Structure formats: C-alpha cells, structure tokens
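The values are calculated or read from the model by the stated rules, or taken from the named source; none is laboratory data. A quick note: this is a predicted structure, and the numbers were derived from the prediction, not measured. All Cβ positions, even for glycine, are placed from backbone atoms using ideal geometry, and neighbour counts span all protein chains on display. Ligands, DNA and RNA are stripped out before the accessible areas are found, and what is left, the full protein with its side chains, is counted by its heavy atoms. Shrake-Rupley method; radii C 1.70, N 1.55, O 1.52, S 1.80 Å.
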Protein chains: 2
Amino acid sequence: MSDGKAISTHETRQRIVKAGTELFRRSGYTGTGMKQIAEAAGAPFGSIYHFFPGGKAQLGEEVIRTSGAVYLGLVTALTAPYEDRVAATADAFAAAAGTLAELDFADPCPIATVAMEVASTNEALRQATSEVFDSWIEYLAAYYAQGGVPESAARETAGSVIALLEGAFMLGRAARSTEPVRAAGTAAAAIVRAALAGQ
Amino acid sequence: MSDGKAISTHETRQRIVKAGTELFRRSGYTGTGMKQIAEAAGAPFGSIYHFFPGGKAQLGEEVIRTSGAVYLGLVTALTAPYEDRVAATADAFAAAAGTLAELDFADPCPIATVAMEVASTNEALRQATSEVFDSWIEYLAAYYAQGGVPESAARETAGSVIALLEGAFMLGRAARSTEPVRAAGTAAAAIVRAALAGQ
DNA sequence: GTCTATATCTTGATAGAC
DNA sequence: GTCTATCAAGATATAGAC
C-alpha cells in the first residue's frame, strides 16, 4: 500500500486473500495450511503459488495489510458521523460486541491472532502488523484531537482505546461472551472523558 | 488445581512444563513443536509422552493452568501492599512495561497468544484460558471492591483493566515498544478513578 | 523411567502436463 | 493460467530396547 504498487484484481487472487483472511482470524497463521486456504477459496493448490510466489509469508503480509485498510475504513465510517467523541467511542464498542457474537466468537479484529503469533517469530509480518495498528491509532488520535483532546494526550488516548478493544476481544473470545466488550465500552468512555477533561 | 489433584513434582516433568511455557509465549501453541519442547527441556523426546500421555493438548492445558496460577500470584503480590487502588494499578502497568522490555518483547502474559489461537479451534484449551482469565478478574474485582468501587461495577472495572493490559501487550509487542503499555497505565488509572467516583 | 528409532500424517513448496 | 502429482521436511505419536 505504502509504495503505491498496483495490486491485481484477478478474481481468483481475491478469493484466496479473502479465504486467508477468514481462516487466519479463526485458526491463526501457523494453524492455517495453504491447502486449507486453497480449498476454502475454491482454487487449485497451484494457483496460490502462481499469485503468491513468495508463498505463505507473502500471502500473510497481504492479508494483514489489506484487512488492516478495510478495518480502518470501518472504524472511520463508524466514528466520523459523531460530534461527541465519548458517545462515538461507546457506540463503537457496542457495535463491536455485536460483531463478536455474529462471528460466533471468531476474532472481530482480522490481524490480532496473527500479530501475537508473529511478534517474536517473523520480522516482516511483525512490521506489517505494527504499521496497521499504527494507522488505526493515528486516525483515532486525530479524531480525538479534533474533538478537544490535547494534542499531547491524543495519541496515548487513541492507543489505549485500541488496546482496550483488542484485549476485550481476547477475553470475550475466551469466555465466549460479549460481556467483556460491553464492559470495556464503559471503560473506554471513561478514558476519553478523562482525556477531554485534561486528566 | 481446582480439584486438588496432586501434580507430580518430578524434576524432568517440571522442566518440560517450564520449557513449554517459554516456547508457547514466544511462538504460540501451533507454532511450537513437541521435539522443540523436549530439546529446550533437556529431556528425551519420549519423556514428554511418558509424563503427558494425553500429548500436546494435555501439556498445553497444564501450561495454561500452571502459569495462570503463577501469574495470579504475581498480580496479587504486586497490588496487595497498596492502599491506593489507583496508584497500585498505575504502578502495576509500569512494572509490566519493564517486564515487556526485559523479555525482549515476548509476551509478558504467558497465555495470551495461546488463548487467541485456541479460542475457535480447541474447546478444552479455550475453557482453560477462560478460567484463568476469570481467576485474575475475580481477584482484581474483589481488590477494587474492597478499595471502594461499588460491587456492581467492580467486576466490569477489573475486566477492563485486564483487557487494557492484554491489548497493550499486543500493541507493544507488535511495535517493539513499551510506549503502549505506559500509555495504558494512564488510561487504567483513569478507569479505576472513574469507578471509584461511581462513574 | 530413560531414551532411540520409527510409523504415519501433514506441512510448505515445486515440477510439469495440459 | 489451471490443475495434479510429488517432494523433502516437519509434525504428533508410538513401539520397544535398555
């Protein structure tokens, strides 16, 4: 994305990326096989290596960056309409709780499980997840700053809200309950409120 | 633990559990091989199946429950001395940031990566992680309640603080930075402060 | 109980026919 | 470009000598 390189829109290729995204968020990176991805995509096994000569690592990186951009769009669409940053944050968490249940407790965040797996084992993929997280934090920081949070505190506030959401997804998946995400919504509102008050 | 069943204190067995704990927190459950664990434990491969006839799943479950109990002890020791719950929370996050760096950004939480991997793929292990998270939340909830947080809000507050910590570990590992954890400390203090004020 | 060798399966990846 | 067959290496797990 960052270098503006054109990405093929070939339909088979797109199905492979989509299948990879869905499987990675449920079974993780090491827990998902290339054959499994090919089957889920309805594509012959060889096609994966035709479109991704770099193999699993290349596919993994593209899944991370693509779904990261999609997710940024979702967060933007969900929060942008609100003038009240506290209400926007609380409602976003409520929506996230709904998504968690709809996915039958697969991870609503498409890169979280992979991020944990690769953080200490694959430098290229670790960097990709880091850049995606950063893009979300930067958007939210600007959003909060525009809403009245002091510039110096905006990034810390945004990072904490993202962390709270990711952690709540983790607890909610483990417990197969939306309760941790709903509770986190209350806490997120408190974080934003405190930041707006300048502590 | 919960059923009081005696656990062997055989030294080889202990080394296997310890090696599994260290490898799982860096490479995850599916990303770690049994041979790798045996080698790291300095134990012959066959010993793993001698002590864990249930194979990888049995070892995984014991690692989760054992390290969960150890971690509960750490959290207790870290927070119990404080009268001021806000200060206790802030200092615990500061300590966690230090641990993250000391581990060279392996996960300070020994079960988080595994929890994400197994949530949708292994029901027995998912339940084990859920019970461990719950034990932490229950301790913290009682701790906050005793410090003046209304009973009705104590569990939500505790869950949110744990979620915030876990999410901050995730972002910190991805970025190879302690900054997300330090920022989360400020936010966690705000959450506890708001709960003490009854919102 | 310790340790080695091996069975069986699955993985990521490649070669080559069509 | 599509698809199949196959590779070498890894996995989990087992058998059995000592």
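Of everything in the range B:71-101, what is within 14 Å of another protein chain (Cβ to nearest Cβ) and not aliphatic (A, V, I, L, M)? Give them in sequence order. Correct list: B:T89, B:F93. Residues of the range B:190-199 that are open to solvent by less than 20 Å² (accessible area, probe 1.4 Å) and either acidic (D, E) or more than 7 Å from every other protein chain (Cβ to nearest Cβ) (or both): B:V192, B:A195.
A count restricted to the range B:163-189 and to residues that are surrounded by fewer than 24 Cβ atoms within 10 Å (Cβ to Cβ) and either within 7 Å of another protein chain (Cβ to nearest Cβ) or over 16 Å from B:D84 (Cα atoms) (or both) stands at 7.
Take the residues of the range A:45-85 that are aliphatic (A, V, I, L, M) and farther than 24 Å from A:T12 by Cβ: which is nearest to the chain's Cα centre (by Cα)? Ranking the candidates gives A:L72 first.
Annotation for the range B:32-40: at least one member residue is within 26 Å of B:G167 (Cβ to Cβ), open to solvent by less than 70 Å² (accessible area, probe 1.4 Å), within 16 Å of DNA strand C (Cβ to nearest atom) and within 14 Å of chain A (Cβ to nearest Cβ). Scanning the range A:116-150 for residues that are touching a residue at least 24 places away in the same chain (Cβ under 8 Å) and closer than 19 Å to A:Q58 by Cβ gives A:E117, A:V118, A:N122, A:A124, A:L125, A:A128, A:T129, A:E131, A:V132. Screening A:T21, A:T12 for residues that are in a helix (DSSP H, G or I), open to solvent by less than 30 Å² (accessible area, probe 1.4 Å), away from DNA strand D (no atom under 16 Å from the Cβ) and over 22 Å from A:L164 (Cα atoms) leaves exactly one candidate, A:T21. Exactly one residue out of A:S120, A:S130, A:S152 is surrounded by fewer than 24 Cβ atoms within 10 Å (Cβ to Cβ), farther than 19 Å from A:L72 by Cα and facing chain B (nearest Cβ under 10 Å): that is A:S120.
The condition (being of a type in the set (A, V, I, L, M, F, W, C), within 16 Å of DNA strand D (Cβ to nearest atom) and assigned to a loop (DSSP other than H, G, I, E, B)) is satisfied by just one residue among A:A43, A:A57, A:A106, A:A38: A:A43. Note on the range A:41-70: residues that are within 12 Å of DNA strand C (Cβ to nearest atom), surrounded by 21 or more Cβ atoms within 10 Å (Cβ to Cβ) and within 14 Å of chain B (Cβ to nearest Cβ) amount to 1.
When B:A106, B:A112 are checked against the criterion of being out of contact with any Leu (no Cβ under 8 Å at 6 or more places or on another chain), surrounded by 16 or more Cβ atoms within 10 Å (Cβ to Cβ) and closer than 16 Å to B:P180 by Cα, a single residue qualifies: B:A106. For the range B:76-95, the set of residues classified as open to solvent by 40 Å² or more (accessible area, probe 1.4 Å), in a helix (DSSP H, G or I) and touching a Phe, Trp or Tyr at 6+ places or on another chain (Cβ under 9 Å) consists of B:T76, B:D91, listed by residue number. Considering every residue within the range B:80-98, establish whether at least one is within 16 Å of DNA strand D (Cβ to nearest atom) and at pLDDT 95 or above. Within the range B:80-98 (the criterion being within 16 Å of DNA strand D (Cβ to nearest atom) and at pLDDT 95 or above), the answer is no, since none of the residues qualifies.
One line per residue, one yes/no per condition, for (1) over 23 Å from B:P110 (Cβ atoms); (2) without any contact (Cβ under 8 Å) to a residue 40 or more places away in the chain:
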| position | (1), (2) |
| --- | --- |
| A:S152 | yes, yes |
| A:L165 | no, no |
| A:A168 | no, no |
| A:S177 | no, yes |
| A:R182 | yes, no |
| A:A188 | yes, no |
